[in-house]
Amino acid sequence: MRAQKVGLVMSGGGASGIAHIGVLKALEENHIPVSCISGTSIGSIIGGLYASGYSPSEIERMVKDHTFSNLTKGEMSPKFGYYVRKRDDYASWRTLKLNLNNSLISNLATNLINSVPIDFYLMETFAPANAASHYNFDSLLVPFRCVASDIEKKRCVVFRDGDMPSAIRASMSYPFYIRPISIDSTLLFDGGLYNNFPSDVMYEELYPDFIIGSSVTENSKLPSDDNLYLQLRNMLMNKSNFSPVCENGVIIQPWADVGVFNFESAQRLIDSGYAATIRHMPEIKAHISHYQDQEELNKKRAAFRDRVTSSKIVYDKVIVKGVDKKMQAFVTKSITNKRDTFTFKQLKKQYFRMMADEKIKSAYPTTSLDTATGKYALTLNTKKDKHLFFDIGGNLSNRPISNFFLAVQYNYIGKIGVTAYANGYLGKLNSSSLTKLRLEFPTKIPFYVEPSFTISRWDYYKSSALFYDFEKPAYLVQEDLFGEINVGAPAGNIGKAVLTGGYSEWRNKYYQVDQFTKLDTSDVTSFDFGYGQISYQINTLNRKQYASEGTNIFIRAKYVNGLEHYYPGSTAKDTVAFINGPSHHWFNLKITIDKYIKPIKYFKIGVFAEGVYSSQDFFRNYSASILSAPSFNPIPESQTLFINDYRAHQYMAGGLKAIATPYNNLDIRFEGYLYQPVLSILKTSDNKAEYSTPFLYRHFLGMGSLIYHTPVGPLSIGVNYYDKNENSFSFFFHFGYMIYNKKSID
């Protein structure tokens, strides 16, 4: 007599589908056999994991792990980032990528999240079981089917064999959220468009005697004239039949009232699926004639997992499709790193390193067995990203420090990668421009060479005098013109080391008195210098400003050698000009550590420390000396102010940050710092500079703010505090980033 066959059907439904895990838990605990599975979208992921030999408890741990949550947002673990290829931080709000050969509509993005982490995760998770079952879904631990949608032919596509990671990836390609993929030259989207509950596939292909359906969605409601989401959903999706199809069947409908992309309520959804199944258990058991022995199931699962483990995947071939031969060579070198064979672990590191290159849009990976060698081939369906990037951004402020930012970047990839970049800032405080060219070499240890040229002007008088009364020169303008060349190489995945050489013409215009007229001329100190430096940085911070996760460690050693030139103005006491001298040379060492920890949910603590040692001597007068001294700027707005008290040749500083996040993207942030100069720089009666006794003065600064992280940049409002000033407290309102092109003297 043929054993009873029980089929489990799992619907799509986005994040709600996590409830399917609770259904599996309840069925196993009650010894209900699952003979075969069919699923759509999230149902295909959960069903595929179960069919591949993962137990319900293992699947639960996987979806509750931080890694899974990051995948749903298109993010990957910082340890697999590749900092050496990360774009430098500027004040950009948004990047628009353009192909000038296409229309504007054709240049619009088709996906909300980055699919690269998901693509690799699916291959890493399902390829071993796929290989062990010889690419036949009937040979998995549990026979499996999933569906996707062919929008050209307006039909449902059923997967029963072939590349399992690709089948599941196609089934979950929700329009406008994640990029669709092509299989056999057919562009495929989420299976829920045409069949969101594949009970018919289960019935017609796997022939069950009894069907258990887990449905976490329903047909779309009628749209209103102002609900664009429901309008698109009704246009795209066919109505699904949420019934078991066969005579013997039960439909389980767990609570699943969460957003399509809200994966933060995993435990509640799993509990809901479990509870809903338990409520239907008497009805289910009334149809079950044979129960599954748990020990027998465990043995069967262990045997299948042993098969998966024994068929270890080792690659000996990389096939690159979709691009020209030069780029094929670039991609192949990046992946193999000149190895004849490589494992999954080695591939993962190299793959994410390669995909950090913004010149590559996608490289969809598939794994296939080469029967001739017994090893595996990695196929990468690759696409170049668009050649032109345009950035727009800046900062809007209640103070006269607002600015506008614009940048353009051109990318080319052949045997080497080439990036040409130029930006510009325009504002009362800072106007500057940077141009640079980066050449990237995909050698065994990748490296880049990057010459650059920067010109900038800082006007602290116009941007500060209206709201602040700090002890500072009444008039101060800095002009900086410098060129440099950087040679950088990775230091692990999350770090980089950079060797730099450059030359600068640095000019300061200032008055050494508070009273002056439009007829007066300012003092001018110029410093023409060359410099060399080596720096090392690890950076896993989650944001380029107002970070709340990760670590940033920066170490830099710098040598400076140049000539000072002094031209006295009409108000100067020192009326003797000199053009060629004296010379100054010094060594500077700077160490900065910024780290965040999360002791409890919704609350984070940041720890900050910075130390600077400089052998620098004094310039001709106090103003010129303080202008060239290293500065401490731990809070964003502090870099827009020139405050003498926070400048010294040697100092130590530290601080703490408390960050509460009561709602997504909303932070309540408090920061406090203690700044301890070793020798404070003081002003003498004749406007010269001298040192104080060691550790005589120390200063405190802090910030309290409310920050909302919008899709284009932070919106911040709060209060800053700088001690020992007449107006120590200052209110601020900013939208955007206070990030500028760097200075040569820093």
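Of note:
- Segment 1-10 - residue that is in a loop (DSSP other than H, G, I, E, B) and either out of contact with any Cys (no Cβ under 8 Å at 6 or more places or on another chain) or buried (at least 23 other Cβ atoms within 10 Å of the Cβ) (or both) and, of those, modelled with the lowest pLDDT: MET1
- From the options LEU706, LEU666, residue that is open to solvent by less than 60 Å² (accessible area, probe 1.4 Å) and either in contact with a helix residue (DSSP H, G or I) (Cβ under 7 Å, 6 or more places away or on another chain) or without any contact (Cβ under 8 Å) to a residue 60 or more places away in the chain (or both): LEU666
- In segment 249-282, residue farthest from the chain's Cα centre (by Cα) [restricted to those that are more than 19 Å from ASN70 (Cβ to Cβ) and modelled with pLDDT under 85]: TRP255
- Out of SER310, SER289, sole residue that is among the small types (Gly, Ala, Ser), open to solvent by 50 Å² or more (accessible area, probe 1.4 Å) and within 23 Å of ILE211 (Cα to Cα): SER289
- Residue within segment 485-500 that is in contact with a helix residue (DSSP H, G or I) (Cβ under 7 Å, 6 or more places away or on another chain), more than 30 Å from GLN346 (Cα to Cα) and basic (Lys, Arg) present: no
- Which listed residue, of ARG155, ARG179, ARG160, ARG169, is open to solvent by 10 Å² or more (accessible area, probe 1.4 Å), charged (D, E, K, R) and within 20 Å of ALA51 (Cβ to Cβ): ARG160
- Selected residue (only one of GLN478, GLN512 is in a strand (DSSP E or B) and in contact (Cβ under 8 Å) with a residue 60 or more places away in the chain): GLN478
- Against the conditions (1) assigned to a loop (DSSP other than H, G, I, E, B); (2) of a type outside the set (Gly, Ala, Ser); (3) touching a helix residue (DSSP H, G or I) at 6+ places or on another chain (Cβ under 7 Å), THR525 satisfies every one except (1).
- Residue that is nearest to PHE618 (Cα to Cα), among those in segment 547-569 that are more than 14 Å from the chain's Cα centre (by Cα) and assigned to a loop (DSSP other than H, G, I, E, B): PRO568
- Unique residue being part of a loop (DSSP other than H, G, I, E, B), hydrophobic (A, V, I, L, M, F, W, C) and touching a Pro at 6+ places or on another chain (Cβ under 7 Å) when the list is LEU679, LEU696: LEU679
- The set of residues in segment 468-516 being surrounded by fewer than 17 Cβ atoms within 10 Å (Cβ to Cβ), at pLDDT below 95 and of a type in the set (Phe, Trp, Tyr) consists of PHE516 alone.
- Options TYR174, TYR121; residue that is in contact (Cβ under 8 Å) with a residue 60 or more places away in the chain, over 19 Å from ASP370 (Cα atoms) and either in a helix (DSSP H, G or I) or open to solvent by 10 Å² or more (accessible area, probe 1.4 Å) (or both): TYR174
- Filtered by the rule that a residue be outside any helix (DSSP H, G or I) and either modelled with pLDDT of 95 or more or of a type in the set (D, E, K, R) (or both), segment 283-300 gives a lone residue, ASP293.
- Members of segment 319-329 that are under 25 Å from GLY492 (Cα atoms) and open to solvent by 30 Å² or more (accessible area, probe 1.4 Å): GLN328, ALA329
- Checking GLY13, GLY81 one by one, the residue that is in contact with a Ser or Thr (Cβ under 6 Å, 6 or more places away or on another chain), of a type in the set (Gly, Ala, Ser), in contact (Cβ under 8 Å) with a residue 40 or more places away in the chain and open to solvent by 10 Å² or more (accessible area, probe 1.4 Å) is GLY13 and no other.
- Hits in segment 592-622 - residues which are among the hydroxyl-bearing types (Ser, Thr, Tyr), within 30 Å of PRO662 (Cβ to Cβ) and modelled with pLDDT of 95 or more: THR592, TYR596
- The set of residues in segment 524-549 that are more than 15 Å from TRP506 (Cβ to Cβ) and either of a type in the set (Asp, Glu) or surrounded by fewer than 17 Cβ atoms within 10 Å (Cβ to Cβ) (or both) comprises GLY532, ILE534, TYR536, ASN542, ARG543, GLU549.
- Pair list, Cβ < 9 Å and 6+ apart or interchain, from segment 724-739 residues that are over 27 Å from PRO711 (Cα atoms) and of a type in the set (D, E, K, R) to residues that are modelled with pLDDT of 85 or more and surrounded by 13 or more Cβ atoms within 10 Å (Cβ to Cβ): LYS724/ASP645; LYS724/TYR697; LYS724/HIS699; LYS724/PHE700
- Count of residues meeting criterion [closer than 30 Å to LEU541 by Cβ, open to solvent by 20 Å² or more (accessible area, probe 1.4 Å) and in contact with a Leu (Cβ under 9 Å, 6 or more places away or on another chain)] in segment 46-78: 2
- Screening PHE330 with (1) assigned to a helix (DSSP H, G or I); (2) within 28 Å of LEU141 (Cβ to Cβ); (3) not hydroxyl-bearing (Ser, Thr, Tyr) gives one miss only, at (2).
- Residue in segment 632-647 that is more than 27 Å from LYS509 (Cβ to Cβ), open to solvent by 20 Å² or more (accessible area, probe 1.4 Å), among the basic types (Lys, Arg) and out of contact with any Phe, Trp or Tyr (no Cβ under 7 Å at 6 or more places or on another chain) present: no
- Residue that is farthest from the chain's Cα centre (by Cα) [pool: residues in segment 293-309 that are within 20 Å of PRO128 (Cβ to Cβ) and touching a residue at least 40 places away in the same chain (Cβ under 8 Å)]: LYS300
- Cβ pairs under 7 Å, 6+ apart, first in segment 516-527 and over 19 Å from GLU479 (Cβ atoms) and hydroxyl-bearing (Ser, Thr, Tyr), second in a strand (DSSP E or B) and open to solvent by 80 Å² or more (accessible area, probe 1.4 Å): none
- Among the residues of segment 330-343, those identified as touching a residue at least 40 places away in the same chain (Cβ under 8 Å) and either open to solvent by 40 Å² or more (accessible area, probe 1.4 Å) or in contact with a Cys (Cβ under 8 Å, 6 or more places away or on another chain) (or both) are LYS333, LYS338.
The values are calculated or read from the model by the stated rules, or taken from the named source; none is laboratory data. Remember, predicted model here, so these are calculated numbers, not experimental data. A quick note on method: Cβ atoms are made from the backbone with ideal geometry, for glycine too, and the neighbour counts reach across all protein chains shown. Accessible surface areas use protein heavy atoms only, side chains included; no ligands, DNA or RNA. Shrake-Rupley method; radii C 1.70, N 1.55, O 1.52, S 1.80 Å.
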